[in-house]
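K.L.:
After the structure tokens below, expect a handful of questions from me.
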Amino acid sequence: MGHRRGGRRSADHARSDRTGRVLAPVAFHPQPLQRGDPRRPQSDRAQCRSGQGHQLFHRPRHRLCPHRTGAGLRRDDRCRQGDESAEGSLQRRARCRLRQGPYRGRAGRPRRSGVPELGSGRRFRRRRLLRPADLSPGAAADLAAPSFMPGPSPDMHLLHILHRHRFAYLMLLPGLILSGMFVFYPIFAAVFYAMQDWSGFNADIKFVGFQNFVDLFRDPIFWNAFGRSIYFLAGTVPAQLVLSLMLAMVLNNQLLKLSNLFRTMVFLPVVTPVAVIGIVWTFLLSPFNGPINGLLLDIGLIARPIDFLGSSDTVMPSVIGVYVWKWLGITLIYWLAALQTVPEDVYDAARLDNCKGLRLVVLVVLPIIMPFAVAITLITMVSALNVFPLIMSMTNGGPFFGSEVMEIFIYRTAFASDDGTIPRLGYAAAAAVLFGLMILGLTILQSLATRMARRRAEGVA
């Protein structure tokens, strides 16, 4: 580094060694040296960072170190020491280079020219673009435009995804197989048999189209079952929601002692089998030796025993009461989870305003948990349609179709005809399709109502 470096030499300049012998001309190859090659000269900024840049001050044909201060700097480097901002200095340097046009650097390599569009400050100085000297502006624009390479075909992309996540799909495969066997296949089979006239016990299958649906709309027993289902739905859902909300408000109080014990007692019927509950409540409601009738007779509320499950007037209220007692615990858990989202400051502010009891629930709590309330209501409605095990264990649909809901009607028509006729599997499948459409409508209603309640809550917030 102690010798002085001369100016640029042309490609055909004759060289001589230290002995004075003239060497043959060296052919010049304008191929640029790759980054990292030791023969490639460092830039002034890199030499300055490495501690070698300050030796360039006495080299007349090299660009001076940009960190040098004094009269030896170039004009575009001196402008950074003035009162102008760094951004204006960089823009002036870019305009000067654009006026001078592209030029060659050391060894004929394309010199790095600044690109004003890339920003200002340090990012502007670091982001450079190699641009050959003989490149026209149109060609430069074509090179700068993004090139769209054809991607892989959709089939190859799908195969790549399957191969990449093959272990996860293998873990999901048993669940998909079971869902197909016990969910999707029965749905398609029900739609197929709904258009057939088939008893289910022989191979005589006759396609009748939508005739089974037409017969259903003319059947008074079907409409009786449909009305009983609506009656059961209207009796269980409000009672279950109101009672569970009242219990949740009481059990949500942190000052209440033994609250966990009370929650366990309320939730215990949920985990009890439905058949056991049906048999036990049939004994409790018996008109002969039932404890409930005996208690009512002892306190003088009734003069004679009441046949709760043997009368068409009392069978549905009795079944509704047993159902609400059975599933009250699960709705209580839903309400408790919703009440946990209400901040404690809300209750403190309500106490300061002397807001208690029903006013606290209606005016303060319910507007906050309205999205949860809509979801809990519709989940309770869908669950209330699954009452087949309880009614079968208590009344078997009687007396005189007094407790025959849609599920009991479908089962009796398909497998256990009481009037001595041949079971009609296709007719029952048509009723099952209509019942499934009713449940699907409630599910869609649940989704829409939950979304509307969430938007309303967000708008109020």
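The values are calculated or read from the model by the stated rules, or taken from the named source; none is laboratory data. Since the structure is predicted, the reported quantities are computational estimates derived from the model, not experimental observations. Note that we place each Cβ from the backbone using ideal geometry, even for glycine, and neighbour counts take in every protein chain shown.
K.L.:
For the stretch 383-401, name all the residues that are farther than 30 Å from Asp197 by Cβ and in a loop (DSSP other than H, G, I, E, B).
P.N.:
Thr395, Pro399
K.L.:
Working carefully through the options Leu434, Leu440, Leu445, find the one that is touching a residue at least 40 places away in the same chain (Cβ under 8 Å) and either in contact with a Pro (Cβ under 6 Å, 6 or more places away or on another chain) or under 25 Å from Ala189 (Cβ atoms) (or both).
P.N.:
Testing whether each residue is touching a residue at least 40 places away in the same chain (Cβ under 8 Å) and either in contact with a Pro (Cβ under 6 Å, 6 or more places away or on another chain) or under 25 Å from Ala189 (Cβ atoms) (or both) leaves just Leu434.
K.L.:
On the basis of being surrounded by 14 or more Cβ atoms within 10 Å (Cβ to Cβ), in contact (Cβ under 8 Å) with a residue 12 or more places away in the chain and closer than 24 Å to Pro238 by Cα, does Thr377 make the cut?
P.N.:
yes
K.L.:
Now for a separate question. On the given criteria, is Thr443 buried (at least 18 other Cβ atoms within 10 Å of the Cβ), hydroxyl-bearing (Ser, Thr, Tyr) and either modelled with pLDDT of 80 or more or not in a loop (DSSP other than H, G, I, E, B) (or both)?
P.N.:
So Thr443 fails the test.
Let's see how each residue does on (1) modelled with pLDDT under 95; (2) assigned by TED's automatic domain parsing to the domain that holds Leu241; (3) of a type in the set (Val, Ile, Thr); (4) surrounded by 18 or more Cβ atoms within 10 Å (Cβ to Cβ):
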site	(1), (2), (3), (4)
Ile302	yes, yes, yes, no
Ser311	yes, yes, no, no
Thr314	yes, yes, yes, no
Ile320	no, yes, yes, yes
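K.L.:
Is there a residue in the stretch 219-227 that is in contact with a strand residue (DSSP E or B) (Cβ under 8 Å, 6 or more places away or on another chain), under 19 Å from Met438 (Cβ atoms), touching a residue at least 40 places away in the same chain (Cβ under 8 Å) and assigned by TED's automatic domain parsing to the domain that holds Phe400? Spell out the reasoning first.
P.N.:
Going residue by residue through the stretch 219-227, those that are in contact with a strand residue (DSSP E or B) (Cβ under 8 Å, 6 or more places away or on another chain) are none.
Within the stretch 219-227, not a single residue is in contact with a strand residue (DSSP E or B) (Cβ under 8 Å, 6 or more places away or on another chain), under 19 Å from Met438 (Cβ atoms), touching a residue at least 40 places away in the same chain (Cβ under 8 Å) and assigned by TED's automatic domain parsing to the domain that holds Phe400.
K.L.:
Which helices (runs of 4 or more DSSP H) sit wholly inside the stretch 289-369 and have at least 1 residues that are in contact with a Gly (Cβ under 8 Å, 6 or more places away or on another chain)?
P.N.:
By residue number, 315-339.
K.L.:
Among the residues of the stretch 229-270, write down those that are more than 30 Å from Phe388 (Cα to Cα) and touching a Leu at 6+ places or on another chain (Cβ under 6 Å). Talk me through it step by step, then tell me what you get.
P.N.:
Going residue by residue through the stretch 229-270, those that are more than 30 Å from Phe388 (Cα to Cα) are 249-261.
Once the filter is applied, which keeps residues that are more than 30 Å from Phe388 (Cα to Cα) and touching a Leu at 6+ places or on another chain (Cβ under 6 Å), the stretch 229-270 yields Asn252, Ser259.
K.L.:
Next question. Of the residues that sit in the stretch 391-400 and are within 19 Å of Asp313 (Cβ to Cβ) and either outside the structural domain of Gly329 (by TED's automatic domain parsing) or buried (at least 18 other Cβ atoms within 10 Å of the Cβ) (or both), which one is modelled with the lowest pLDDT?
P.N.:
Looking at residues that are within 19 Å of Asp313 (Cβ to Cβ) and either outside the structural domain of Gly329 (by TED's automatic domain parsing) or buried (at least 18 other Cβ atoms within 10 Å of the Cβ) (or both), I get Gly397.
Residues checked against (1) closer than 16 Å to Ala414 by Cα; (2) in contact (Cβ under 8 Å) with a residue 60 or more places away in the chain; (3) out of contact with any strand residue (DSSP E or B) (no Cβ under 8 Å at 6 or more places or on another chain):
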| residue | (1), (2), (3) |
| --- | --- |
| Pro174 | no, no, yes |
| Tyr193 | yes, yes, yes |
| Asn202 | yes, no, yes |
| Leu216 | yes, yes, yes |
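Residues are listed down the side, and each one gets a yes or a no for (1) within 36 Å of the chain's Cα centre (by Cα); (2) crowded, with 19+ Cβ neighbours inside 10 Å; (3) assigned to a loop (DSSP other than H, G, I, E, B):
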site	(1), (2), (3)
Phe213	no, no, no
Thr236	yes, yes, no
Leu256	no, no, yes
Val266	yes, yes, no
Pro269	yes, no, no
